[in-house]
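Undergrad: Got a structure for you, questions after.
What follows draws every value from the coordinates through simple rules; no lab data is involved. Model, not experiment: these values are computed from the prediction.
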Amino acid sequence: MKKIKNMSQKILNIFRKNDKDKAFNYKMLYRLKMDCDYFLGFGNQNEKCLWAKNAEAHISKMKKIYKSFHKKPKWLRYKDILNYEKEMICIINEKKLKEEKQPWKTNF
């Protein structure tokens, strides 16, 4: 009888841990989305305001977390992540081109 109780308790603990992981990932995905919104809005297109400090890595993390969900969030679609990626990468590439055209400007 004790063995059954111990096993059922272990199983419950595993489910609780999985629920905590899902909740964390859900919150993390929302945080990553908010970082993208900030980057494209008041963040002045600065990659330092992103969680990953790099747009490619940031979007990659969003995709990984999104795909890990069995039940997808209603406030974000995979298509939205792809749109974020497209906009952010375009902005970063434009900034790089401007910097290349102005070699006399240096970052101190």
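Undergrad: What are the ³J(HN,Hα) values, in whole Hz, obtained from phi via the Karplus relation 6.51 cos²θ - 1.76 cosθ + 1.60 with θ = phi - 60°, for each residue of the range 60-70 in sequence order, with x given for Gly and Pro?
TA: Karplus values, whole Hz, x for Gly and Pro: 4, 5, 4, 4, 4, 5, 4, 5, 6, 7, 6.
Undergrad: Okay, next question. Using bins 10 angstrom wide from zero, how does P(r) for the range 26-97 break down, in % of all Cα pairs?
TA: Per 10 Å bin, starting at 0, the Cα pair percentages come out as 20, 57, 20, 3, 0.
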